[in-house]
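One structure is given below, encoded as structure tokens.
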Amino acid sequence: MLNKKKWIYNESDKEKINKLEDDIKISPKLAEILVNRGIDTAGKVRSFLDVSLKDLHNPFLLADMEKAVNRIMESIKKKERIAIYGDYDVDGITSASVLYKFLKAYETDIFCYIPDRLDEGYGISDKGINIIKEWNADIIITVDCGITAFSEVEQIKIMGMDVIITDHHQCGESLPDAYAVINPCRNDCGYPFKHLAGVGVVFKLIEALCSISDRGFCHLDFLDLVSLGTVADLVPLVDENRIIVKHGLEKINRSPCNGLKKLIDVSKYGKNGIDTTGLAFGIAPRVNAAGRMGHAYKAFKLFTSEDDKEMTLLASRLDRMNRERQILERGILDEAVNIIETQELYKDNVIVVANDNWHVGVIGITASRITEKFYKPSIVISFEESEGKGSARSIEGINIFNELNSCSECLEKFGGHEMAAGITIRKENIESFRKMVNKTSSQLNDNIYMPELKIDLQVKPEDITMELAKEVVMLAPFGTGNQIPVLSCCGLKKDNVRTVGEGRHLKLEFDVRGKIINGIGFNKGVSKTFVDSYEYLDAAFRIEINNWNNRNLIQMNIVDLMPSGKPALIDRYYYSLDRVFAKFASQKVFSAPVDEKVLIDHKEILENVNKGMERSNNIVFFVNSVNYAGKLKEKFEGKFNIRCKICYYRVETFNKAHLNIVINPDLNRPFLMEEKNTSLFIYGPWVDRRYVEVLVERFSQEVESIFVCSNIAESFDILTDIIPKRDDMAEVYGYLKAKGRGKIIIDNLFEQSNIITRNNRVDMNYFKLKRILDIFDEVKLIEKKEVGRFGAEICFMEHAGPKKDLEKSEIYRTLQLIKENKRLEA
């Protein structure tokens, strides 16, 4: 099943939408998306859509910019040795590369140091300072780091070197005592945009340097690398970042620097042009792989080398390292998920999973994947002997830094922010830490663990057009702060479903008034069984233009799916099975066994269907399995071009041109007959043989002919979905108790079963939940009353003494005998 999300719809301002539509002559759908994003006037829209380099802010509005520029130009004139201190992520590597290439053009003596991710970690290290000193640097310029390096800056100054800090991370009231500190987040900085990436700050520095020298607009030559670092660092793509990335993408698709072009070529992402998705998922992971799996200097060298053979070799190495990273990551993720499921850690509010010797370079990615899978904060820890390093990732509404702070006595050290953090912990403290972090989070509202999905626009199936897709593209570049709009569409008729990419991805086709629209659900292949169960779906998706064989086609990139308000196959199945269950399960005096004369095999089905149709009979199939109903429909419609009509419980009207399939037929009147000319087939596996025997006895005299396919004794295909286990009952009882001892009103058992499935990680459905509640009622654990059509009222019974014996429940015994394919004795 898909990880169910709560869809959040905007309350659109119709007046603003209409005005915007009239003012700038755009479609109402594009106007609605813009208004919902706060771009609600003609001026704002023009500024947003007309992304001009002229709108870049004056770099000298950054505090200390003039001071830094003067010192750098002085250093160039004096032929001083300049060292760049970088970082090992994409932002840090591109920052260092841009500044290095820019300053190299001045023929100055320049050196770049990038710390080792595993040995040194983030920030300025003693090792790095000493190496730079040995190189005899006169000045150090930090990129994407340094804003908290108070003691390190003092150490550098004692060694006789000046320090210019360029950074973008949050800073406090006080700053390191560097020669200059350029950071838009400084409290005393009046720069109008605070969300530049580290490479964005470097871009402003070289822009300022160009403005006072004879370099003209050469800073624009570096927009390809600047946009890569900006996208990879997940800063908001608004204001100046939007300008940078928009024009950076144009340069990448026109004339990227040689090293970046080599990497695009090996990644295979450049076939139809690179966009922010290509940068984020195709290029950035390969750059990051250098720091995770080896040393980030390889990526820096790729972007700064002038040797074609060296760049080709380095690009191939990064590509190979990324594949190794993926294999390593998948292995660790599989191990972690296995531990979580085996030890039932998914029941915790915060998942803490640990093992020995996991590669610390990928545990952050692993934590992200686990949080995405279970939608709970996760902390993944790798122990080397007695000490472990961990990465934490969180969900909206839970500040993981605060959670760690409340457990600080269990940790050696920790740091981070609201959504991500890192820890160091002793092995002997792991269990106490797990208990403490879950105790502090136990007071949180359960609704926090329901992910929310913001819907930008609701559309009808016929609105999913190429014109709409082209309008959405106008809002690019997309990324943090300007996500690709998420659209929702209800009542989409599913036409075909399969998995691709070795089962990882879900490929769908939707039938919109006879026109097929393709959908792709990346990493949603495991949901195929869930999707197969429904004829109509509501989809949340991103509309895309997919270039396939030089043809532009509409594609729905699926974000979430849920059963449509239209008839849902599996829910209606469970509901109709519930309606007949009590009737056949209560049969203790059995009908006569099925007469062998009416038994047929699969080969004889088509022959007898054709005979019935030749006599203009009504053709009716009784089935007890939703999967077999689907197989019948597929067989007759696909192979023999006979239209099928699927019904539940009973057929209200006949169409002689159709083959009528009745799922879970009513034991009394499954169809309303005006004539006896009906050919009835009882087909497929059945939950209980008594069901078949009663049907044959009651209708053999009311139809012209009756046939029973001879596989009725085979095991029922979804028996495990309808027979509750003791673990299922324990989970339901625990879930109900957690709601309190008073009266509990459940308005909809369908929705409640989905909630229990999601929160308790058990497979629950309407039929199974209703049987469990009936069992509890029968053994006097609860008192249950029907509420409305699908609901129940539950009160816990006061009792003392021994535990209730489920074996005393007639319903429980019946279900167990069905499971064992035995008769209930009269």
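The values are calculated or read from the model by the stated rules, or taken from the named source; none is laboratory data. Please read all numbers here as calculations on a predicted model, not as lab measurements. Because the Cβ atoms are built from the backbone with ideal geometry, glycine has one as well, and the counts that use them run over all protein chains shown. Accessible surface is based on the protein model in full, side chains and every heavy atom, while ligands, DNA and RNA are left aside. Shrake-Rupley method; radii C 1.70, N 1.55, O 1.52, S 1.80 Å.
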Failed condition for His169, given (1) in contact with a Ser or Thr (Cβ under 9 Å, 6 or more places away or on another chain); (2) at pLDDT 95 or above, with all others met?
(2)
Got a number for residues in segment 516-551 being closer than 27 Å to Arg572 by Cα, assigned to a strand (DSSP E or B) and open to solvent by 50 Å² or more (accessible area, probe 1.4 Å)?
1
Test set (1) under 23 Å from the mean Cα position of the chain (by Cα); (2) under 30 Å from Thr440 (Cβ atoms) - His359 fails condition number:
(1)
Among residues belonging to segment 470-494 that are over 14 Å from Asp456 (Cα atoms) and small (Gly, Ala, Ser), point out the one that is surrounded by the fewest Cβ atoms within 10 Å (Cβ to Cβ).
Gly491
Of the residues in segment 276-298 that are over 29 Å from the mean Cα position of the chain (by Cα) and in contact (Cβ under 8 Å) with a residue 40 or more places away in the chain, the one that is surrounded by the fewest Cβ atoms within 10 Å (Cβ to Cβ) is His295
Take segment 145-160 and flag every residue that is outside any helix (DSSP H, G or I) and either more than 16 Å from Ala180 (Cβ to Cβ) or without any contact (Cβ under 8 Å) to a residue 40 or more places away in the chain (or both).
Ile147, Thr148, Ala149, Met159, Gly160
Can you find a residue in segment 563-577 that is under 25 Å from Ile274 (Cα atoms), surrounded by 15 or more Cβ atoms within 10 Å (Cβ to Cβ), modelled with pLDDT under 90 and not small (Gly, Ala, Ser)?
no
Taking the criterion of being open to solvent by 60 Å² or more (accessible area, probe 1.4 Å), in contact with a Phe, Trp or Tyr (Cβ under 8 Å, 6 or more places away or on another chain), under 27 Å from Ile156 (Cα atoms) and modelled with pLDDT of 95 or more, would at least one residue in segment 70-90 satisfy it?
yes
Quick one: in segment 762-779, which of the residues that are within 10 Å of Ser809 (Cβ to Cβ) and free of Cβ contacts under 8 Å to residues at least 40 places away in the same chain is nearest to the chain's Cα centre (by Cα)?
Asp774
Please count how many residues of segment 111-132 are open to solvent by 10 Å² or more (accessible area, probe 1.4 Å) and either at pLDDT 95 or above or of a type outside the set (Gly, Ala, Ser) (or both).
13
I'm checking my understanding of the structure. Among residues of segment 140-175 that are among the small types (Gly, Ala, Ser) and under 38 Å from the mean Cα position of the chain (by Cα), which one is nearest to Val90 (Cα to Cα)?
Gly146
Would you mind stating whether Thr108 is modelled with pLDDT under 95 and open to solvent by less than 30 Å² (accessible area, probe 1.4 Å)?
yes
Among the residues of segment 257-275, how many are of a type in the set (A, V, I, L, M) and open to solvent by 30 Å² or more (accessible area, probe 1.4 Å)?
1
What's the number of the condition Asn349 fails, among (1) in contact with a strand residue (DSSP E or B) (Cβ under 8 Å, 6 or more places away or on another chain); (2) within 14 Å of Asn438 (Cα to Cα); (3) surrounded by 18 or more Cβ atoms within 10 Å (Cβ to Cβ)?
(1)
Inspect all residues belonging to segment 6-28 and state whether any of them is in a loop (DSSP other than H, G, I, E, B), more than 22 Å from Ala476 (Cα to Cα) and under 33 Å from the mean Cα position of the chain (by Cα).
yes
Taking first residues from segment 117-134 that are under 19 Å from His169 (Cβ atoms) and in contact (Cβ under 8 Å) with a residue 12 or more places away in the chain and second residues anywhere that are basic (Lys, Arg) and assigned to a helix (DSSP H, G or I), the pairs with Cβ under 9 Å that are 6 or more apart or on different chains are Arg117/Arg292
Count, please, the residues in segment 363-380 that happen to be in contact with a helix residue (DSSP H, G or I) (Cβ under 7 Å, 6 or more places away or on another chain), within 18 Å of Arg292 (Cα to Cα) and either without any contact (Cβ under 8 Å) to a residue 12 or more places away in the chain or surrounded by fewer than 24 Cβ atoms within 10 Å (Cβ to Cβ) (or both).
2
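For every residue, the table says whether it meets (1) outside any loop (DSSP other than H, G, I, E, B); (2) modelled with pLDDT under 80; (3) under 30 Å from Asn754 (Cβ atoms).
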residue	(1), (2), (3)
Met673	no, yes, no
Ser679	yes, no, no
Ile682	yes, no, no
Val687	no, yes, yes
Val696	yes, no, no
Ser715	no, yes, yes
Thr720	yes, yes, yes
Lone qualifier among Ala96, Ala63, Ala68 - being part of a loop (DSSP other than H, G, I, E, B) and touching a residue at least 60 places away in the same chain (Cβ under 8 Å):
Ala63
